[in-house]
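Following: one structure in structure tokens, then a few remarks.
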Amino acid sequence: MKVAYDPMTDILRIILRDDRAVAESDEDKPGVILDYDTEGNLVSLEVLDASMRVSDTRKVEYQMAE
């Protein structure tokens, strides 16, 4: 999994599978785009205008449930 933020476009991208090509994109909610592979599996998601939607675009925390 990868998380990337582009300050020029203000887009936050969370890539779940980088070994799959995006076959279809769907704007689930305004400003939230879900990308799917040919089998309908979620590959990545994009958050448009990310600086207005997340607290800190430069900070990523990772937690693993025990």
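Values quoted throughout were computed directly from the atomic coordinates according to the rules given, and no laboratory measurement underlies them. The structure presented is a predicted model; accordingly, all values stated were derived computationally and were not measured. Methodologically, a virtual Cβ is constructed for each residue, glycine included, from the backbone with ideal geometry; neighbour enumeration extends over all protein chains shown.
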Scanning the range 14-54 residue by residue, those in contact with a strand residue (DSSP E or B) (Cβ under 7 Å, 6 or more places away or on another chain), more than 17 Å from Ala4 (Cα to Cα) and of a type in the set (Asp, Glu) turn out to be Glu24, Asp26, Glu27, Asp28, Asp37
Could you name every one of the strands (runs of 3 or more DSSP E) located completely within the range 23-66 that has at least 2 residues being within 22 Å of Thr9 (Cβ to Cβ) and over 12 Å from the mean Cα position of the chain (by Cα)? 24-29
